[in-house]
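Trainee: I have a structure I would like to understand better, so I am pasting it below and will then ask my questions one at a time.
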Amino acid sequence: MGTRPKILLLFFALGLLAVVALSVANYRNGVRGVEGRLRGEVEREARAIARDVDSSLREREDALVALARSFGLRAYLRAARQQSSAAAERGYPSQPGKSSAPFINLSPGLAQASADEVIPKDVQAEVRALIQSGQKYYVAIACLDTNRQPLFRAEPGKGEGVQPVRFQIRDFLSESLRADERVWSTGEQTPLRAGITRESFGSILRYVIPVFIEEENTSAERGALIVDLKLDALLVDAASNVTSASSQAQASEASTSPRLIVMLDRAGNAVYHSNEALKYQPATKALPPSFKPMAEAMKEGRSGWGFYESSGDDWVAAYQPLAPLDLSVAVASDYSTAARDLRLWGWLSIGLIALIGLATIILLLLFLRRTARSIERVTEGAVAIAGGKLDERIDVRASDETHLLAGTLNAMGDRLREQIAREAESRQFESFMRLSAMLTHDLKNSIQALSLIVGNMEQQFHREEFRTDAMESLRDATSQLSALVAKLSEPVRSLSGEFKRPRPVDLVPVIRRALSRTAEPAAETHEIEIQLPASLVAIADDERIEKVIENLVLNALEAMGTKRGRLSVMAAPAEEGFVFFSVSDTGPGMTEEFQRTRLFRPFATTKPKGVGLGLYTCRELVRALGGRVEVESKRGSGTCFRIVLPSAAITEAGQKSSRTQ
């Protein structure tokens, strides 16, 4: 692909990334804004409903406590207790399920008395005022005497021409007027919630309030008020207040988001729903399936918020418990409707930025066409130079950056021609120096071996076995010197590093030959410790390995110097598929820094007269055979070189396995 398309694609990709990043950032910010606003609204409305329900219940509870503490009602209960006792003494005991109100059981003649004749006027007035103050909330108010028998029951009148409050003093259903047992043992005049029940006309919240005749304590005599409230009316008013406030707030906005209000009891039933048709239905039927996690949280009395899906739209809902009751309220808003304008503006912004990006690309194309020809000429010249035509000249007439680039490439071609010529001369000289250094090192080792033999002749020449070993060592040294002369006569073969192919070699004879020339002549000066098996086969080149052993032994002897030390040479099998031999000395050792930075580098040595190629050559020879060199040395503790080589047994087994396959 040419330079111009690459640049075009690069700028197009950058422009596209910028468009996407900007659009996504704008959209995400808008989404967060809408989400935050709707979440705040539904959370505020849920809290407002909870406050309204709590406030309304407290208002009703305060009114009920005031009625229970009224002088007239307490006097009425005292009179009822006295009349009940008198009636019992005269043989008119109260019957279960019948009223024991005053004046009713005193004589059979008053058995048909009306409520107005039996209930004191002040009591009627107080009860009537209470019911009329919240007529749509009250179902009935009943009063029980100290014997837990009903005295009267008051309820709002129904139909036209009927009294606002109707009192009943007989023919009670005893089950409907059974008080919560807690009211007979409490010591405080506090309304007790007896739970929520379901009737044909809706949900009822029952309160039971003790009416103490004298003082308030746990053992005092008391009657009780049983008050049934229309819970539906309470919840509808609380939801309507919030809905009205929300509608007024949204009227000033360009778009509105529909609201859904639902209240669940601990059993998961909808005691209130914005859709009347779904009221009193289980949450699984009244709400979408995706609302289930929030419904479970509402049943447990927790608060929070979340998203759910309804009819293809996303809704955000906030829920929290209604503290006075075992209910939870959730207020939801249609997030999809609220975000509709945001999506529209998001797409418009993407289109606008895309147009700007397209215009930028067109301008870029016009600019690139002006420089395309210059770039092509520079490219062709650079390709020619890279292909080896170093005398190629790049001619660019433009005055932009391509002119400087062409001049730089021309100068680079000139310098490359000069550098290649110098490198050819350097390689020839380097090859000659490398051969000289290697031959010098081998010559030094041979001379050192001869020096050891000559040094021991004065003391050991009278011994027959010494003369025999000395002659053998001299023949070997002579052979090595002849080999060096041969290398000098064939420099091309010597520089190429050609050797015999590795083959199975018994290392023990090779090691002993090398030791006979190097270690045994020094036996009088140093302690020589040799541990070799009867046979140890490796895949190697005997000439290479012999040079390695010879070099390591001579290095060890030089390291120990004239001070008596111990030279240890051992060989044995290593891990599976390998064998090893090691050369150890008790010399001064090496520092960690020298081992890490200079040990195997060519021409690096600590000896005053060393060349620095011995260990480097040993490592390269061993690596060429598929082995490795391991070193253990500490300053003042001597040095151990361990040579690990592949073994013949494993190699032959591998060859048999490959032939079998």
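Trainee: With every protein chain present, what accessible area does L14 have (1.4 Å probe, heavy atoms only), rounded to the nearest 10 Å²?
Mentor: Only protein atoms counted, so the area is about 100 Å².
Trainee: Once the piece of chain linking I420 and E464 is laid out straight, how much longer is it, given 0.36 nm per residue of separation minus the C-alpha distance between them?
Mentor: Result for the pair: 9.6 nm of gain on full extension.
Trainee: Compute the accessible area per residue over segment 129-232, keeping the other protein chains in place, probe 1.4 Å, unit Å².
Mentor: About 47 Å² of surface per residue is accessible.
Trainee: Taking 0.36 nm per intervening residue step and subtracting the Cα-Cα distance, what contour gain separates V20 from S274 on full extension?
Mentor: 87.3 nm
Trainee: Ignoring ligands, DNA and RNA, what accessible area per residue does segment 253-369 give at 1.4 Å, in Å²?
Mentor: In whole numbers, segment 253-369 has 52 Å² accessible per residue.
Trainee: With a 1.4 Å probe and all protein chains in place, put T478, T186 in order of accessible area, largest first.
Mentor: Final ranking, largest accessible area leading: T478, T186.
Trainee: Say R0 is 45 Å: what FRET efficiency, to the nearest 0.05, do S349 and R47 get from their beta-carbon distance?
Mentor: E(calc), rounded to 0.05, equals 0.80.
Trainee: Round to the nearest 0.05 the FRET efficiency obtained for R598 and A523 when R0 = 35 Å and r is the Cβ-Cβ distance.
Mentor: According to the calculation, E is roughly 0.65.
Trainee: Could you order peptides 212-220, 114-122 by the average number of other Cβ atoms within 10 Å of their residues, highest first?
Mentor: Output ranking for 212-220, 114-122: 114-122, 212-220.
Trainee: Which shape class applies to segment 284-357: rounded if a/c is under 1.5, otherwise prolate when a/b exceeds b/c and oblate if not, where a ≥ b ≥ c are the square roots of the Cα gyration tensor eigenvalues?
Mentor: Since a/c reaches 1.5 and a/b is larger than b/c, the shape of segment 284-357 is classed as prolate.
Trainee: What does the charge count around S328 come to, taking other residues whose C-beta lies under 12 Å from its C-beta (Lys +1, Arg +1, Asp -1, Glu -1)?
Mentor: With Lys, Arg at +1 and Asp, Glu at -1, the net is -1.
Trainee: Here is the link list: K136/K279; K547/K634; K158/K279; K230/K279; K279/K299. Which ones come out longer than 21 Å on Cα distance?
Mentor: Over 21 Å apart, Cα to Cα: K547/K634; K158/K279.
Trainee: To continue, here is another question. Tell me, what % of the accessible area of segment 263-375 is carbon and sulfur with a 1.4 angstrom probe?
Mentor: 60 percent
Trainee: Between E300 and L173, how high is the FRET efficiency from 1/(1 + (r/R0)^6) when r is the Cβ-Cβ distance and R₀ = 30 Å? Nearest 0.05.
Mentor: About 0.25, to the nearest 0.05.
Trainee: If each residue of separation counts as 0.36 nm, what is the full-extension length gain between H403 and E199 once their alpha-carbon separation is subtracted?
Mentor: Stretched fully, the H403-E199 segment lengthens by 63.8 nm.
Trainee: Using the basic label-point model (7 angstrom from Cα toward the beta carbon), what is the W184 to E380 distance in nanometres?
Mentor: Here the answer is 11.5 nm between the modelled labels.
Trainee: Sticking with this one: Hey, can you find the accessible area per residue of segment 538-578 for me, probe 1.4 Å, expressed in square angstrom?
Mentor: With all protein chains present, segment 538-578 gives 41 Å² per residue.
The values are calculated or read from the model by the stated rules, or taken from the named source; none is laboratory data. Just so we're clear, the structure is a prediction, and the values are computed from it rather than from any experiment. Positions of Cβ are backbone-derived with ideal geometry, glycine not excepted, and every protein chain shown enters the neighbour counts. Ligands, DNA and RNA are stripped out before the accessible areas are found, and what is left, the full protein with its side chains, is counted by its heavy atoms. Shrake-Rupley method; radii C 1.70, N 1.55, O 1.52, S 1.80 Å.
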